[in-house]
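Structure first, commentary second.
The values are calculated or read from the model by the stated rules, or taken from the named source; none is laboratory data. Source: prediction; values computed, not measured. As a convention, Cβ positions derive from the backbone with ideal geometry for all residues, glycine included, and neighbour counts pool all protein chains shown. Each accessible area value is taken on the protein alone, full model and side chains, heavy atoms only, with ligands, DNA and RNA left out. Shrake-Rupley method; radii C 1.70, N 1.55, O 1.52, S 1.80 Å.
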Amino acid sequence: MNQLPKPPYLGVAYYPEDWPEEEMERDFARMKEIGINVVRIGEFAWHRMEPAPGEFDFSFFHKVVDRARALDIGVVMGTPTATPPRWLSRLYPDVMMENRDGRTASHGGRRHCCSNNAHYNEYCLRIVEKMAGEFADDPAILGWQIDNEIYAWNGGCFCPTCQAKFREHLREKFKTIDALNDAWNLNLFSQWYDDFADVPAPRDAWHNPHLVAEWEAFQQNSHVEFVHRQAEILHRHVHVPVGTDTMPVNGMDYRKLTEKLDIVQFNHYNTPGDLYGAAFWFDALRPLKEHPFWNTETATCWNGSVAITQSLKPDGFCRANSWLPVVMGGEANMYWLWRTHWAGHELMHGAVIDSSGRDMVAVGEVKEVAAGFRAAADFLNATRVQSDLALHFTPASWNMHASQPVVEGWQYMPCVQDRWYRPMLRAGLRPDVIDAGAPLDGYRLIFTPMVMTLEDHDLGARMAQWVRNGGTWVVGPLTDVRNADGARYRDRFYGMLEELTGVRWLYGVPDTENRVQAEWADGEAFHGEKWFEISEDCGEDALVRVTAGHAAILGKSLVMRRRVGRGEVVLLGSVPSEADMRRLLTMACADSGVKAPKVEGDVVVVPRRGDGQRGVIWVETAGKPAQAELDATAVDLLTGEALKGRVELKPYEVRVLRYAEAQA
């Protein structure tokens, strides 16, 4: 009797429609040998399913699903709406998106249609309805993926439909045109609009940053609604998880996107130089849903289209990269793709096997990962990641920084990842990366850097109460400096931080020439960067004071710590160096009771607990020797070794450690 695989899943994207049908038997047999237990199919196959308007033929994909089931390989079915067939754009040319430069996209790529277009939606929802009815009860299907990597790149679509809907959105949000004019300060440059119909799409001019940010959010929300329309249909028919595979970009509100989905799905192509960036996103995906997320795409060896954009990765990288999502709270890692394309787009992208059917360089590591997943499955499925530390990272901040970056050259995500997240990783800490709407219960310590508005989800008021109840909040810089519309406050610098802490802000100072110097109270240098928020001298509460830069700022506070209720606020006035961030972490962990394990190197440390079991998983992510320390005897589920105390880790080594004594 056939049996569906259990998590963790090791999968591949498979495009059997691109190959002669007789190749299917060999492909599935080789998958089984390697240890692949899930395939993603269908996401680009609209023409194969509906070769002409209204003529549906799912017989080929029934064969694919049946063959997978015969070998106990599960299936993730994709809706093919990212790649509509040519006959649709020939029938309705208006389905194609209009680019920022006014040119209409042509047929030939993917994700080139307008998510607001009525004709596009009609045909998309029709094929989703047909697919859902066709495959709803197929026992091989583990889940559904809606569309593919949906996101509003380069400003999104500027067609007449999108512009009209944008103006409807503005009318609904602001109610009157005068309210919009006032919120965006449109007296400036005589931009004042007399009617919502006057508001342009942000192209062909030096546009108001609030208009730009509002347009970006509208475009992303249009995609969210498009996904939700498909999810509504699928939920009427299917009884397995429904999601949509996203990318490591945060202008889209992933909380809003996933609220009507069952599972978070994610694609990434990180390299040896920035594997910690993938870990950052896994820490961000985990808190969004109770159901473990799926990493639906990553490369076995390299990325590329008709030209390879990466390089050969070192031994062990595929192992560490494949384990990370499962270690950090997911239940699947899937490769793009199973077999390199023999012609067409992306024919140089790495895969598990080559277009010739022969193994590519990482197959040995894929086999090793498959065996490891099986060995650790019971522990992984019984336990969950534990964290009492959080780091804020919000879509509203992403869009505000994109439209008004404050200091030239700053990029929101790289700055948060490099200056806040990576030092946390190197300290062995396991943060949840959370958005503004995330619950705060259960955290002892929260960092909120570069979150320009705290009005999003009433975050400022919620954080204030959390601090008064005993939390430790390290906040700033560039946090609470804008209202919900992205405008500055007219009577204060911060929205609520001065009132909460009683600290008076004095100056916001740019410095790209290293003029500003500062010191900790013990005389050790503090190294900030680019932007300095300077407050009055806070006396004993001052942790860092300015020592050079300008006479007006000498002796003033750059970093301060103040008790608020049963908790405390650390107001951070600049982007810290890694050494300064490590010092802040040590202090804040001690104040909050967050315990940091002993590690040396770039080791992702993941404590897990559940079902009477306790353990920790280590993944070395920088390709260098490292060390970590156990607080009790543990058994490595991959090797069977019993370990205790300090343990040496090889480059890209994975250790799945269950403590010998079961603990609640």
Query raised in the report: What are the residues in the stretch 587-628 that are in contact (Cβ under 8 Å) with a residue 60 or more places away in the chain, open to solvent by 30 Å² or more (accessible area, probe 1.4 Å), over 26 Å from the mean Cα position of the chain (by Cα) and under 30 Å from Glu533 (Cα atoms), if any?
Result: Asp591, Gly593
Query raised in the report: Is one or more of the residues making up the stretch 459-470 open to solvent by 70 Å² or more (accessible area, probe 1.4 Å), touching a strand residue (DSSP E or B) at 6+ places or on another chain (Cβ under 9 Å) and at pLDDT 95 or above?
Result: yes
Query - Lone unmet requirement of (1) open to solvent by 10 Å² or more (accessible area, probe 1.4 Å); (2) part of a loop (DSSP other than H, G, I, E, B); (3) out of contact with any His (no Cβ under 8 Å at 6 or more places or on another chain) for Thr453 - result: (1)
Query raised in the report: Which number in (1) assigned to a helix (DSSP H, G or I); (2) of a type in the set (Gly, Ala, Ser); (3) out of contact with any Lys or Arg (no Cβ under 7 Å at 6 or more places or on another chain) marks the one condition that Ser356 misses?
Result: (1)
Query raised in the report: Which members of the stretch 63-75 meet the condition of being open to solvent by 50 Å² or more (accessible area, probe 1.4 Å) and either under 32 Å from the mean Cα position of the chain (by Cα) or within 30 Å of His119 (Cβ to Cβ) (or both)?
Result: Arg69, Asp72
Query raised in the report: Which pairs do you get when a residue that is touching a residue at least 12 places away in the same chain (Cβ under 8 Å), found in the stretch 536-553, comes within reach of a residue that is of a type in the set (S, T, N, Q) and part of a loop (DSSP other than H, G, I, E, B), reach meaning Cβ atoms under 9 angstrom, with the pair 6+ apart or on two chains?
Result: Val544/Ser574
Query raised in the report: When you look at Gly35, is it open to solvent by 10 Å² or more (accessible area, probe 1.4 Å) and within 30 Å of Glu122 (Cα to Cα), yes or no?
Result: no
**Report entry** Qualifying residue in the stretch 215-230 (condition: within 18 Å of Thr394 (Cα to Cα), at pLDDT 95 or above, polar (S, T, N, Q) and surrounded by fewer than 20 Cβ atoms within 10 Å (Cβ to Cβ))
**Finding:** yes
Requested in this report: Please work out which one of (1) without any contact (Cβ under 8 Å) to a residue 12 or more places away in the chain; (2) under 28 Å from the mean Cα position of the chain (by Cα) is the condition Gly640 fails and give its number.
Outcome: (2)
Report summary line: Within the stretch 222-255, the count of residues that are of a type in the set (Lys, Arg) and touching an Asp or Glu at 6+ places or on another chain (Cβ under 6 Å) comes to 1
Query raised in the report: Can you name the number of the only condition in (1) outside any helix (DSSP H, G or I); (2) in contact (Cβ under 8 Å) with a residue 60 or more places away in the chain; (3) open to solvent by 60 Å² or more (accessible area, probe 1.4 Å); (4) in contact with a helix residue (DSSP H, G or I) (Cβ under 7 Å, 6 or more places away or on another chain) that Asn185 fails?
Result: (4)
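Can you confirm whether the stretch 45-61 contains a residue that is at pLDDT 95 or above, under 27 Å from the mean Cα position of the chain (by Cα) and among the hydroxyl-bearing types (Ser, Thr, Tyr)?
Here is the first cut: in the stretch 45-61, the ones at pLDDT 95 or above are 45-61.
If we keep only those that are under 27 Å from the mean Cα position of the chain (by Cα) as well, we get 45.
Checking the rest, the ones that are also among the hydroxyl-bearing types (Ser, Thr, Tyr) come to none.
No, there is no match, as no residue in the stretch 45-61 is at pLDDT 95 or above, under 27 Å from the mean Cα position of the chain (by Cα) and among the hydroxyl-bearing types (Ser, Thr, Tyr).
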Report task. Please list, ordered by first then second residue, the pairs with beta carbon atoms under 8 Å, 6 or more apart or interchain, first in the stretch 148-174 and in contact (Cβ under 8 Å) with a residue 60 or more places away in the chain and over 15 Å from Glu214 (Cβ atoms), second in a helix (DSSP H, G or I) and of a type in the set (Asp, Glu). Result -> Cys159/Asp94; Thr161/Asp94
Requested in this report: Check Leu312 against each of (1) over 21 Å from the mean Cα position of the chain (by Cα); (2) aliphatic (A, V, I, L, M); (3) part of a helix (DSSP H, G or I) and name the one condition it does not meet.
Outcome: (3)
Query raised in the report: For the stretch 231-239, does any single residue satisfy the condition of being of a type outside the set (Lys, Arg), free of Cβ contacts under 8 Å to residues at least 60 places away in the same chain and either in a helix (DSSP H, G or I) or open to solvent by 10 Å² or more (accessible area, probe 1.4 Å) (or both)?
Result: yes
Query - Odd one out for Glu578 among (1) of a type outside the set (S, T, N, Q); (2) under 25 Å from Glu513 (Cβ atoms); (3) surrounded by 15 or more Cβ atoms within 10 Å (Cβ to Cβ); (4) in contact (Cβ under 8 Å) with a residue 60 or more places away in the chain - result: (3)
Requested in this report: Would you confirm whether any residue within the stretch 40-50 is closer than 18 Å to Glu129 by Cβ and acidic (Asp, Glu)?
Outcome: yes
Query raised in the report: Is it true that some residue in the stretch 398-410 is free of Cβ contacts under 8 Å to residues at least 24 places away in the same chain, open to solvent by 10 Å² or more (accessible area, probe 1.4 Å) and either touching an Asp or Glu at 6+ places or on another chain (Cβ under 9 Å) or over 30 Å from Val475 (Cα atoms) (or both)?
Result: no
Query raised in the report: Which one of the conditions (1) over 26 Å from Arg384 (Cα atoms); (2) touching a residue at least 40 places away in the same chain (Cβ under 8 Å); (3) part of a helix (DSSP H, G or I); (4) not aliphatic (A, V, I, L, M) does Glu498 fail to meet, given that it meets all the rest?
Result: (2)
**Report entry** All positions within the stretch 280-324 that are open to solvent by 30 Å² or more (accessible area, probe 1.4 Å) and within 30 Å of Ile434 (Cβ to Cβ)
**Finding:** Arg286, Pro287, Leu288, Lys289, Glu290, His291, Asn303, Arg319
Report summary line: Ser59 fails exactly one of (1) among the hydroxyl-bearing types (Ser, Thr, Tyr); (2) in contact with a Lys or Arg (Cβ under 7 Å, 6 or more places away or on another chain); (3) farther than 16 Å from Thr244 by Cα, namely (2)
Query raised in the report: In the stretch 517-535, how many are without any contact (Cβ under 8 Å) to a residue 40 or more places away in the chain, in contact with a Phe, Trp or Tyr (Cβ under 8 Å, 6 or more places away or on another chain) and not polar (S, T, N, Q)?
Result: 2
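Per-residue answers, yes or no, for (1) more than 20 Å from Arg26 (Cβ to Cβ); (2) crowded, with 20+ Cβ neighbours inside 10 Å:
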| residue | (1), (2) |
| --- | --- |
| Val326 | yes, yes |
| Tyr335 | no, yes |
| Glu346 | yes, no |
| Ala351 | no, yes |
| Ser356 | no, no |
| Leu391 | yes, yes |
| Ala396 | yes, yes |
Query raised in the report: Which condition does Ile263 not pass, out of (1) in contact (Cβ under 8 Å) with a residue 40 or more places away in the chain; (2) under 24 Å from Arg384 (Cα atoms); (3) out of contact with any Pro (no Cβ under 8 Å at 6 or more places or on another chain); (4) in a loop (DSSP other than H, G, I, E, B), if it passes all the others?
Result: (3)
Query - Members of the stretch 453-470 that are more than 17 Å from Ser397 (Cα to Cα) and of a type in the set (A, V, I, L, M) - result: Ala461, Ala464, Val467
